1. Residues that are β-branched (Val, Ile, Thr), touching a residue at least 24 places away in the same chain (Cβ under 8 Å) and in a strand (DSSP E or B): does region 38-47 have at least one?
2. Within region 32-65, work out how many residues are of a type in the set (A, V, I, L, M, F, W, C) and at pLDDT below 95.
3. Hey, can you tell me all the residues within region 48-59 that are in contact (Cβ under 8 Å) with a residue 60 or more places away in the chain and either open to solvent by 80 Å² or more (accessible area, probe 1.4 Å) or part of a loop (DSSP other than H, G, I, E, B) (or both)?
4. Just need a number here: residues in region 71-87 that are buried (at least 23 other Cβ atoms within 10 Å of the Cβ) and in a helix (DSSP H, G or I).
5. What is the residue count in region 70-112 for residues that are touching a Ser or Thr at 6+ places or on another chain (Cβ under 9 Å) and basic (Lys, Arg)?
Amino acid sequence: MTTGFILLLVVMGLFGAVALSYVYYDFKTGVPTFPTMPAVREKIAQLLQDELARRPECPSFTVIDLGSGSGQMTEYLARTLPTAQIIGIEISFIPWLRSVLRQRWNGGPKNLSYRRLDFWTYDIGKADVVIVYQLYTILERVSAKLRDELPSGAVILANTFALAPPWQAEATFSIPAPLIASLSGKTDLFLYRKA
């Protein structure tokens, strides 16, 4: 065997392992890893800046992303909101690893941290804001977790899929989306506030 052939086998093996990891966690969680579009990230950042301005007396402003994927949005928020504490929760190994490595290599913000764990076990009771980008198939359970654990006044931003009743959106924002991401050419962002 030539060195080139061995190298090809190693690369194919690595790609296969990465693909299997994604498939495994997609099956385990019922939710695929999918990044938040830049226009949605920008809108979320704007809403969080407005929310932070509404709470000047808040000693710490904590934002938790339930299922932070590869961390593009959490890193963007940490850079946009340097006084906030941003926490990304991700169980899928490869996206979590990408988040951590990118933060270390890019000299990522100090107000950003990642935790590799199943968000069902993570207590969100100290969050000021929770970001959710989960499929409708698990949103009833996610909605119950938010209802049971979040403090009064906490904000929830749900990307694309609305929370299950009895949650009622305080506001809905329609954001242009590429046709490849949405057949309608738009996606919705739902803002909720815990009573």
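1. No, region 38-47 contains no residue that is β-branched (Val, Ile, Thr), touching a residue at least 24 places away in the same chain (Cβ under 8 Å) and in a strand (DSSP E or B).
2. Within region 32-65, residues that are of a type in the set (A, V, I, L, M, F, W, C) and at pLDDT below 95 number 8.
3. ARG55, CYS58
4. Adding up the residues that qualify gives 4.
5. 2
So that you can scan it fast, the table gives a plain yes or no per residue for (1) touching a residue at least 60 places away in the same chain (Cβ under 8 Å); (2) closer than 20 Å to ALA78 by Cα; (3) among the charged types (D, E, K, R):
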site	(1), (2), (3)
ILE131	yes, yes, no
TYR136	no, no, no
LEU139	no, no, no
LEU146	no, no, no
GLU149	no, no, yes
ILE156	no, yes, no
PRO166	no, no, no
PHE173	yes, no, no
PRO178	yes, no, no
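The values are calculated or read from the model by the stated rules, or taken from the named source; none is laboratory data. Because the structure is a prediction, the values reported are computed rather than measured. Counting neighbours? That spans all protein chains shown, and the Cβs are built from the backbone with ideal geometry, glycine included. The area values use the complete protein model at the heavy-atom level, side chains included, leaving out ligands, DNA and RNA. Shrake-Rupley method; radii C 1.70, N 1.55, O 1.52, S 1.80 Å.
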